[in-house]
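First comes the structure, then the notes that go with it.
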Amino acid sequence: MGLKVGLRRGVDFISSEQDSRWGHWFHPTPKNRVGMADWQEELYCPEYQRGFQLHYFAVHSSLLKVGGISRSYYDQIMLQCLGEDFKSLPEGFAYVVCHPLQASKMRVQEGIRELIGSGILLDVGVKGREFYATSSVRTVYNSEVEMMLKLSIPVKITNSVRSNKVSDLEYCEQVVKAVKYLGLGDSSDGFTFLADRGQVSVQYGDAELGFESLFRENPFYRKNTEGVVNPVALFEEALPGMKSQTFQLVTELAYKDELPLKLAAQVWFENYITVTLLCFIELYDEFGVTFESHLQNCLIKIEECLPVKLYYRDTEGCYIDESLSDDLTEEFPRLASLSGVFFSRKEMHEAVGYYHLINHVFAVVCRFGVDGLLEEELGIDLIHRLLRKKEKVCGERGRALIWYLLDSKMIQCKSNLITQLEGIDELAGADAKAAYVEVKNPLYVGVEKQLQN
């Protein structure tokens, strides 16, 4: 397969997206891709490191719906996507883009064939710049395009078919407005929210035709992305006879700063927890928003061998404190009709416990333990101490979250194996719920041990 290995000099955003060999650490079938043939995987999956062109249609502008961004900006993105292949369309028509896998499915559907036959939809074909799949497979990137494109594909990855729905587009449009209104959307030195800012669909009657797509902010447009890494690749198991990317970074830090390996490991570990977990607690405390911040939904900027910045990507994984609902629905009335926007404190605490502790931080603890960099017990103790220290400077909302993380004997954990075996597609609708179980919380220490400490 020719897969790249190890942490290379000059590793950047897209090469790190392509580096994950095994996939998400906490899923039984992380590379499950039902509906994609082997030859299609080699063309469209990130680990094969191939660029590919997208499939374009032209639709009469009366059917094109663009949300979150202006129509002129949308046209600019299409111009960037097509590059030298851009051609003027008949008057009143606009380009719309699809993943080639989605286009293959759509072109044989009766509704699409009728639109093409009537002349209001034109099949332009595969053209334009080459894009590269990110670790999600369906979100694609080109450094010369100002947005990443989150496209529908008729493929079941892990538990769900990865298709955008009109309701998803509406949700993202309103949630992005709400998050930016709260002030969280503003980029900072330590955190950037990559919002799914643009929403595109073709509306013809009540049918969802398959053109539904999201345009995600691309902070790496025409920029050097060296040191921006995907935590899935960073913390995964190395190939036999090799060292993990984590081990290589820590040993390089030890060499650079002339530190014992164990001390360098502790410094790196504490930096990572500060940049990720403590950052998310700060955001929740200040803004009342948290996220499904599992490994794949995050990116980390590495400078001088240390984590220094966090990027979060996935607007659909936002949780907003229900205490903010009155203010936000008054400002954005359409929020009131959407489900899955506002959550109770209990629900938000459980989300952080699963997505960021179990599905993110504990992967770091595991990697350091397996690599012999830091005993798992010491890693847990360091997290505990950092949280207790953070508790002293947080407001009421942040303190309550920290208390939940530290003082809960049991925490909620998604049972991905049960969800997979029962064939539950979590994205199929409001009634399609993943299976959850309670597990022991490694951060919990009883009252007696707390008094001893």
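Angle of helix 166-182 to the longest C-alpha principal axis of the chain, folded into 0 to 90 degrees and rounded to 10: 50°.
Report note on the peptides 72-81, 398-407, 336-345: ranked by the mean count of other C-beta atoms within 10 Å, highest first, their order is 398-407, 72-81, 336-345.
DSSP finds beta bridges in the stretch 228-408, and of those with both partners inside it, around 85 percent are antiparallel.
The C-alpha atoms of the chain define a longest principal axis, and helix 261-273 lies at about 50 degrees to it.
Full extension of the segment from Glu377 to Val126, taken as 0.36 nm per residue of separation minus the current Cα-Cα distance, would add 85.0 nm. Computed from the alpha carbon positions, the gyration tensor of the stretch 228-408 leads to an equivalent ellipsoid with semi-axes of 33, 17, 13 Å, biggest first.
According to the Kirkwood relation over distinct C-alpha pairs, the hydrodynamic radius of the chain is 23.2 Å.
Here each label is just a point 7 Å from Cα along the line to Cβ, and for Leu43 and Glu396 those points are 5.8 nm apart. Taking 0.36 nm per residue of separation and subtracting the current Cα-Cα distance, fully stretching the chain between Val108 and Asp326 would add 73.9 nm. Helix 245-257: angle to the longest alpha-carbon principal axis of the chain, degrees 0 to 90, nearest 10? The angle comes out at about 60 degrees. When DSSP beta bridges are restricted to pairs lying wholly in the chain, around 90% turn out antiparallel. Over all distinct Cα-Cα pairs of the stretch 1-104, the Kirkwood formula returns a hydrodynamic radius of 16.9 Å. Backbone amide hydrogens, once placed in the peptide plane, bring Asn32 within less than 5 Å of Thr158, excluding anything fewer than 5 places away on its chain. Spin-label model, Val308 to Ile116: label points 7 Å out along the Cα-to-beta-carbon direction sit 5.0 nm apart. Count Lys and Arg as plus one, Asp and Glu as minus one, and take only other residues whose Cβ is under 10 Å from that of Leu151; the net charge is then +2.
Read-outs throughout are calculated quantities, based only on the coordinates presented, and are distinct from any laboratory measurement. Worth saying up front: this structure is predicted, and the values here are computed from it rather than measured. Positions of Cβ are backbone-derived with ideal geometry, glycine not excepted, and every protein chain shown enters the neighbour counts.
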